1. Pairs only if they're at least six apart or on different chains, beta carbon under 6 angstrom, first in the stretch 76-103 and outside any helix (DSSP H, G or I), second modelled with pLDDT of 90 or more; list them, first residue then second.
2. Can you name every residue in the stretch 57-75 that is modelled with pLDDT under 95 and in a helix (DSSP H, G or I)?
Amino acid sequence: MSNENQGIRPKRHPDSAYKSIAGEGGLVVLPGKAEVKVLNPTGVHIFSLLDGEHTLEEIALSLFDEYEVSMEDARRDVQEFVATLGEQGMLAEAETEAQGAPS
């Protein structure tokens, strides 16, 4: 994950809805579409942190802490998953740490 992406704070699309299914993963209803995306437990973990408060780096650190993966793998997995969600219209516009800061 490049340094410029680490400060991005991705957020779930406000019209998306998801349901975690204990230990099995979860389901996400895509905004404006009659589609449902099935998530594995790792996907649910990441998706639950897409609240506009957590940076990509913080989400990767959470994966690193929760699962037995290297920090490099956690960063790559988060970046790829978030990119896929963005391509599918499942994210609101991302904000960076610099946005909103006084100039």
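The values are calculated or read from the model by the stated rules, or taken from the named source; none is laboratory data. From a predicted model like this one, the values you see are computed outputs, not experimental measurements. Note that each Cβ is placed from the backbone with ideal geometry, even for glycine, and that neighbours are counted across all protein chains shown.
1. Listed pairs, sorted by first residue: Leu91/Pro10; Leu91/Leu85; Ala92/Lys11; Ala94/Pro10; Glu95/Arg9.
2. Residue satisfying the conditions is Glu66 alone.
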